[in-house]
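Report on the structure given below.
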Amino acid sequence: MTPGARVSAAIEILDAMSEGLAAEQALTRWARQSRFAGSKDRAAVRDHVFDVLRRRRTAAYYGQGESGRALMAGLLYEQDADLDNLFNGQGHAPQPLTDQERAFPSAPADRATRLNLPDWLVPLFDQALGEKADATALALQDRAPICLRVNLARTDVAKAQDLLREEGVETQPNPLADAALTVTEGARRIRNSRAFSEGFVELQDAASQAVVAALPGGGRVLDYCAGGGGKALALAMDGTRKITAHDIDPRRMGDLPARAARSGVQIDTAATAEVKAGRPYDLVLCDAPCSGSGAWRRAAEGKWTLTAERLIELNGIQDIILDEAATLVAPKGTLAYATCSLLREENEDRVAAFLARHDGWKISQMQRFDVTPEGDGFFSTQLTRE
């Protein structure tokens, strides 16, 4: 595919999304209908779509519209791309821009537009982040780093780097966690690499790794909201821990047994009734469902689909999870609460509300990770009984 044809494909996908399809659904449908597209073509089209999602307000502002064509024109203008080469009507490229489309406005004065945030989220960013609000919102407009977790149960960081390098994947140590590597070259070779297929490395954000690394070692550990099991696998690198993974929807953990086997670690999975029967646990980790605002570089669609009503609903879910998890913790154990959210409503406010409901608990540790070139935004708190 030519660069222009890739732009046309992105326009088609964005238009499909305007009809109600989620980004991944629209991308999958296009890929199935476009067997001619190679892996590099699919990756380039995907990058266009997600670049738009990260910068949708400025793309629409510069493109003077919400259609796929307007969004792509606005995005590419903002990226200082060669518009005449991409919009030339040749082959499968989009038709040349009209004079009206070329009348790009000057930089937006409106703060929410400039920050690429819905209006209602701007004050919440201010409340949570203070003077860092603008810098954080701007950082969410860029692509996220690709990070790996070295499986310290099987190898060390230097050996993992050497193994990856043999297959064309270059990395550098990430300062957020001892086992974290940032991929600098060859990211698309990771999943087919021996290092990945044999369980020497896993894909995991460095801030997420740092949250796990700060947790107490040893004992019986419950990953209460395990999802796909990334944090359970990281916890299991400590062989003195006995790990149980649980999720309200067990289907989310479907791949976890195979991932654990590949990593050479033992993780038991348990239904809710089994979790209650197996209490108490020395450590209960609640990586709670949240807005995902700290990871909107990776899942940018969430920035535009989140509503104030959904945020309130999430707060209720987070409260219920903390209340239920507290009943599973041993008398001298730790209740850990984590989100990939930037918002006080999901973080400090939920912890304060929990402490107001439950006597005898105290904060033993609290961490907040900013959105940086090293990792996503994360929040975590460790609670213990006084």
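The values are calculated or read from the model by the stated rules, or taken from the named source; none is laboratory data. None of the values given here were measured: they were computed from a predicted structure. Cβ placement follows ideal geometry from the backbone for every residue including glycine, while neighbour counts extend to all protein chains displayed. SASA here: full protein model, heavy atoms, side chains in, ligands and nucleic acids out. Shrake-Rupley method; radii C 1.70, N 1.55, O 1.52, S 1.80 Å.
So if I average 1/r over every pair of distinct C-alpha atoms in the chain and take the inverse, what Kirkwood radius in Å does that give?
Answer for the chain: a Kirkwood hydrodynamic radius of 22.5 Å.
Could you compute how fast region 4-148 diffuses translationally, taking Rh as the Kirkwood radius over C-alpha pairs and applying Stokes-Einstein at 4 °C with viscosity 1.567 mPa s? Give it in µm² per second.
D, rounded to a whole number, is 80 µm²/s.
Please give the per residue volume of the convex hull enclosing the alpha carbon atoms of region 1-83, rounded to a whole number of Å³.
It is 78 Å³ per residue.
With runs of 4+ DSSP H residues as the only contributors, calculate the mean residue ellipticity of the chain at 222 nm using -39,500 (n - 2.57) per run, divided by the residue total and rounded to the nearest 500.
Counting only the DSSP helices, I get -12000 deg cm²/dmol.
At q = 0.12, 0.23, 0.27 Å⁻¹, what log₁₀ I(q)/I(0) does region 288-369 have when each alpha carbon counts as one equal point scatterer in the Debye sum?
Treating every Cα as an identical point scatterer, log10 I(q)/I(0) equals -0.37, -1.14, -1.44.
Before I look further, what does the chain give for accessible area per residue, probe 1.4 Å, in whole square angstrom?
The answer is 45 Å² per residue.
Put one equal scatterer on each alpha carbon of region 134-179, apply the Debye formula with no solvent term, and list log10 I(q)/I(0) at q = 0.30 1/Å to two decimals.
The Cα Debye sum returns log10 ratios of -1.15.
Computed on alpha carbon atoms, what radius of gyration and Dmax characterise region 148-253, expressed in Å?
Cα only, region 148-253: 14.0, 40 Å (Rg, Dmax).
At q = 0.24, 0.28, 0.29 Å⁻¹, what log₁₀ I(q)/I(0) does a Debye calculation on the Cα points of region 172-214 give, no solvent, two decimals?
Taking Cα atoms of region 172-214 as identical point scatterers yields -0.87, -1.04, -1.07.
Of the accessible area of region 331-385, with the probe set at 1.4 angstrom, what percent is carbon plus sulfur?
Solvent-exposed carbon and sulfur of region 331-385 make up 51 percent of the total.
Calculated FRET efficiency, residue 252 and residue 36, Cβ-Cβ r, R0 41 Å, to nearest 0.05?
For R0 = 41 Å, the calculated efficiency reads 0.75.
Per the 1.4 Å probe, what fraction of the accessible area of region 1-155, in percent, lies on carbon and sulfur atoms?
Here it works out to 48 percent.
Could you give the angle, 0 to 90 degrees to the nearest 10, between helix 39-54's Cα long axis and the longest principal axis of the Cα atoms of the chain?
Long axis of 39-54 versus the principal axis of the chain: about 80 degrees.
Would you kindly work out the equivalent ellipsoid of region 190-242 from its C-alpha gyration tensor and give its semi-axes, the square roots of five times the eigenvalues, largest first in whole Å?
Rounded to whole Å, the semi-axes are 21, 12, 11.
How many percent of all Cα-Cα pairs in region 252-327 sit more than 14 Å apart?
Of all Cα-Cα pairs in region 252-327, 74 percent lie more than 14 Å apart.
Rg(Cα) of region 235-386 divided by 2.2 N^0.38 Å?
Dividing the Cα radius of gyration by 2.2 N^0.38 Å gives 1.08.
Across region 336-342, in residue order, what do the Karplus-derived ³J(HN,Hα) couplings come to in whole Hz, using 6.51 cos²θ - 1.76 cosθ + 1.60 with θ = phi - 60° and x for Gly and Pro?
Those phi angles translate into 10, 10, 9, 9, 9, 10, 9 Hz.
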